[in-house]
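Asks: Sharing a structure, written as structure tokens. Questions coming.
The values are calculated or read from the model by the stated rules, or taken from the named source; none is laboratory data. Not measured: the values here are computed from a predicted model. Neighbour counts are summed over all protein chains in view; Cβ atoms, including those assigned to glycine, are modelled from backbone coordinates with ideal geometry.
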Ligand code: SF4
């Protein structure tokens, strides 16, 4: 079999922001893709048979800025009731496209396609029932399966063509069919092939009103799948619009961070025509988050500063003709956008090598730093016991500017101090100098253990050869850590460009990614830093992170004078949240909770809060909390334990993908979940902190 390599790039440019051009698809009057703005959408959580509640909720979503409302249609009854919902919305003056969400029920899809502007089908379950079976398919058996799907799917295509209805082929990582799993595995490539099979059937019927999505609750998998999908579409001459989303992202800060990491990473490269942020909250609360993510790119092209192009770049590529479950890597030292490969670095103290990425917390704006001041960074000093207690999210280093600490610091903490101050106090334990490049090259005194060198990526890349020459000069000193900074509006790409330069020249010095944000709200800080830093971590870049925030002390907001500066605790938790979402450092329990929809069988928000309050100390455990048995088990993907609604007041518990207790009374289900965690040896009693 001849090896055919795909085109080299999954986006227009790795350095210059521009929207990746797709064809325009119309859902009613709403254009998606082409030169339309990034569209904002969400999904109702009400019972679809409750017309009044669904209409009211849709109106709240529309008023918040939602441009397309998705409503679940699990059976014919709900599909037919979409007509009442649509009529009532029109009567009340809301002419907005509706999308029916379909799983397992082709007849409901066919009914809905005659009523609403768009239908979403999941290729993992449209014509397949999931049995979690591994079957070895011969080519002939595989083709006959495809023919069976074709026969089942073509009637829907014909109706969509006749009624001018658009379709989303929405693949979910957690609900791939047994057939795809058997051939491609539970991989981004499997997700891509799952959509392509349906897409090819649509094209063979001359139906092109299609939007595609590749969702996963793991942002790494999601990003890789979209990138691969674009490569595959390019190869087959296709350019369908892309709907971006991270499934089951959860609630509150975790849900926002995870969504920003996944969606933002792709938006940074100009990918994405419509987005949905899935939070376990009221759907109208998803809209400001989605708008915040999308609006950042409305002026990116004009505000960005030029970044030198990458020359001679080698990618890890995959060979689509080999049907391999994993992309083939040309050279692991090269940039690898389709699989996670952490950049190879040497270890300096506890940074780089196999160490988890480190967190640096900024204390430079404090007039004085006392032991009590370290509390928001995860260190609690007990005067009575003369002991430090560490939380799971205790930072690793603090930057103090020109201040040396005059008390005994916790054994796990290091202090970065500006070089000039360090130079005259260099005997102080675990205080390390922060140099500019020039200071470092001219320095008469350096730390024998750890030296940080701050580099402005734009200045350094202006002469990449000098940049590399400088680093080659110092790379044998195994006590240097670089800090990459950027002032570019398109800063992620600039920092990535600098990382690629290190990769290409095989310079293995560890690097901390630093971003500085000026005068933005707490929510913007959360979303922007998750995007900017998360996008690099997902590509395996970064041995530490440092978020700095410079805020005017007070600004006028709705007639009130308020300080918008996020507090230290918030920024510290945000740093650990980004590492958790990118799965590069696990410091807390992970909840994969579905956003709920008309199928949901219990109050997801209340139940998630209840489970969280009992289990949020179980570092590293993943708990899936899913509203229904139809999609829940598949979509909770790689959760260690699952809590799934199976009937009114009934819960089924899972260990991994195995059912362990069926239909427990919901009153007793949280206790039963905890017993299950205990039984498998994953339970620890709650303690507030670790003593050092
Ligand atoms: S898992 Fe949750 S969001 Fe998905 S279909 Fe079931 S109830 Fe709806």
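Rundown of residues vs (1) out of contact with any helix residue (DSSP H, G or I) (no Cβ under 7 Å at 6 or more places or on another chain); (2) within 27 Å of residue 162 (Cα to Cα), yes/no style:
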| site | (1), (2) |
| --- | --- |
| 13 | yes, no |
| 22 | yes, yes |
| 33 | yes, yes |
| 45 | no, no |
| 57 | no, no |
| 64 | no, no |
| 70 | yes, yes |
| 82 | no, yes |
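Asks: Hey, another quick one. Right, residue 685: assigned to a loop (DSSP other than H, G, I, E, B), farther than 30 Å from residue 339 by Cβ and away from the ligand (no atom under 16 Å from the Cβ) or not?
Replies: Against the criterion (assigned to a loop (DSSP other than H, G, I, E, B), farther than 30 Å from residue 339 by Cβ and away from the ligand (no atom under 16 Å from the Cβ)), residue 685 qualifies.
Asks: For residue 482, indicate whether it is closer than 20 Å to residue 349 by Cβ and part of a helix (DSSP H, G or I).
Replies: The answer is no for residue 482.
Asks: Moving on to the next point. With respect to residue 67, is the statement that it is surrounded by fewer than 23 Cβ atoms within 10 Å (Cβ to Cβ) and over 22 Å from the mean Cα position of the chain (by Cα) true?
Replies: In short, yes.
Asks: Could you say whether any residue in region 88-95 is within 14 Å of the ligand (Cβ to nearest atom), in contact (Cβ under 8 Å) with a residue 24 or more places away in the chain and more than 24 Å from residue 657 (Cβ to Cβ)?
Replies: So far as region 88-95 goes, no, none of its residues is within 14 Å of the ligand (Cβ to nearest atom), in contact (Cβ under 8 Å) with a residue 24 or more places away in the chain and more than 24 Å from residue 657 (Cβ to Cβ).
Asks: Can you list the helices (runs of 4 or more DSSP H) lying wholly within region 129-215 that have 1 or more residues being out of contact with any strand residue (DSSP E or B) (no Cβ under 8 Å at 6 or more places or on another chain) and farther than 30 Å from residue 340 by Cβ?
Replies: Filter on region 129-215 gives 139-163, 188-204.
Asks: On to the next question. Taking interchain pairs and intrachain pairs at least six residues apart, which have beta carbon atoms under 6 angstrom, with the first residue in region 284-295 and touching a residue at least 24 places away in the same chain (Cβ under 8 Å) and the second assigned to a helix (DSSP H, G or I) and surrounded by fewer than 18 Cβ atoms within 10 Å (Cβ to Cβ)?
Replies: Every condition considered, the pairs that remain are 284/60.
Asks: Give me a count of the residues in region 216-241 that are more than 27 Å from residue 607 (Cα to Cα) and outside any helix (DSSP H, G or I).
Replies: 6
Asks: Can you tell me which residues in region 242-257 are part of a helix (DSSP H, G or I) and more than 16 Å from the ligand (Cβ to nearest atom)?
Replies: Result: 252, 253, 254, 256, 257.
Asks: Failed condition for residue 335, given (1) on the phi < 0 side of the Ramachandran plot; (2) modelled with pLDDT of 90 or more, with all others met?
Replies: The single condition residue 335 does not satisfy is (2).
Asks: Within region 245-264, can one find any residue that is over 14 Å from the mean Cα position of the chain (by Cα), in contact (Cβ under 8 Å) with a residue 40 or more places away in the chain and surrounded by 24 or more Cβ atoms within 10 Å (Cβ to Cβ)?
Replies: No, because not a single residue in region 245-264 is over 14 Å from the mean Cα position of the chain (by Cα), in contact (Cβ under 8 Å) with a residue 40 or more places away in the chain and surrounded by 24 or more Cβ atoms within 10 Å (Cβ to Cβ).
Asks: To continue, here is another question. When you check residue 262 against the structure, is it modelled with pLDDT of 95 or more, within 20 Å of residue 222 (Cα to Cα), in contact with a strand residue (DSSP E or B) (Cβ under 7 Å, 6 or more places away or on another chain) and assigned to a loop (DSSP other than H, G, I, E, B), yes or no?
Replies: So residue 262 fails the test.
Asks: A further question on this structure: So which residues in region 397-428 are closer than 16 Å to residue 371 by Cα and part of a loop (DSSP other than H, G, I, E, B), if there are any at all?
Replies: Within region 397-428, 400, 403, 404, 405, 406, 407, 408, 409, 410, 411, 412, 413 meet the criteria.
Asks: Taking the options 105, 44, name whichever one is within 16 Å of the ligand (Cβ to nearest atom) and buried (at least 24 other Cβ atoms within 10 Å of the Cβ).
Replies: 44
Asks: One residue is enough: does region 277-297 have a residue meeting the conditions modelled with pLDDT of 95 or more, under 15 Å from residue 215 (Cβ atoms) and not in a helix (DSSP H, G or I)?
Replies: yes
Asks: Let me ask something additional. Modelled with pLDDT of 95 or more and surrounded by fewer than 20 Cβ atoms within 10 Å (Cβ to Cβ): does that describe residue 238?
Replies: yes
Asks: Out of the residues in region 634-646 that are buried (at least 24 other Cβ atoms within 10 Å of the Cβ) and modelled with pLDDT of 85 or more, state the one that is nearest to residue 583 (Cα to Cα).
Replies: It comes out as 639.
Asks: Next question. With 434, 441 as the choices, which residue is under 30 Å from residue 496 (Cα atoms) and at pLDDT 95 or above?
Replies: The conditions single out 434.
Asks: Go over the candidates 414, 427, 487 one by one and state the one that is exposed (fewer than 15 other Cβ atoms within 10 Å of the Cβ) and within 33 Å of the chain's Cα centre (by Cα).
Replies: The match here is 487.
Asks: If you don't mind, another one. Is it the case, given these coordinates, that residue 71 is touching a residue at least 40 places away in the same chain (Cβ under 8 Å) and within 16 Å of the ligand (Cβ to nearest atom)?
Replies: The answer is yes for residue 71.
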